[in-house]
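Visitor: Got a structure for you, questions after.
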Amino acid sequence: SSCPADTVLPGLNYLKNQPPVLALPDEEYPPWLWTILLPKELEDDGPGGRKERMERRKENKQRIRERNFMSTQ
């Protein structure tokens with residue numbers, strides 16, 4: 001992780017009269033925590049499947065962004 005164990009993590013303790021929140025050693029965190037920021041891999045499920053729909057949606061959003069950017073120039 002980005003901070004050593006037993007480091008006080010300010011801003012995470014939002015309840016009154018509670019002890020400060022401390023960082024744990026990396027071994028004590030669950031394994032899924034280290035995969036959250038990895039890009040999501042969708043399996044190819046054929047034409048018209050979820051992966052194709054998500055790619056098409058991403059391309060459409062990018063095209064809209066480019067068109068909006070060019071209209072402001």
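The values are calculated or read from the model by the stated rules, or taken from the named source; none is laboratory data. Since we're looking at a predicted model, the values are computed, not measured. Heads up, the Cβs are rebuilt from the backbone with ideal geometry, glycines too, and the neighbour counts pull from every protein chain shown. Each accessible area value is taken on the protein alone, full model and side chains, heavy atoms only, with ligands, DNA and RNA left out. Shrake-Rupley method; radii C 1.70, N 1.55, O 1.52, S 1.80 Å.
Visitor: Could you tell me whether residue 51 is basic (Lys, Arg) and in a loop (DSSP other than H, G, I, E, B)? Walk me through how you get there before you give the answer.
Guide: Working: basic (Lys, Arg): yes; in a loop (DSSP other than H, G, I, E, B): no.
No.
Visitor: Of these, 33, 38, 12, 24, which one is open to solvent by less than 90 Å² (accessible area, probe 1.4 Å) and not in a helix (DSSP H, G or I)?
Guide: The match here is 24.
Visitor: Determine if region 18-40 includes at least one residue that is modelled with pLDDT under 90 and more than 20 Å from the chain's Cα centre (by Cα).
Guide: Within region 18-40, not a single residue is modelled with pLDDT under 90 and more than 20 Å from the chain's Cα centre (by Cα).
Visitor: Of all residues in region 41-65, which are open to solvent by 100 Å² or more (accessible area, probe 1.4 Å) and either of a type in the set (Asp, Glu) or in contact (Cβ under 8 Å) with a residue 60 or more places away in the chain (or both)?
Guide: 41, 43, 44, 59
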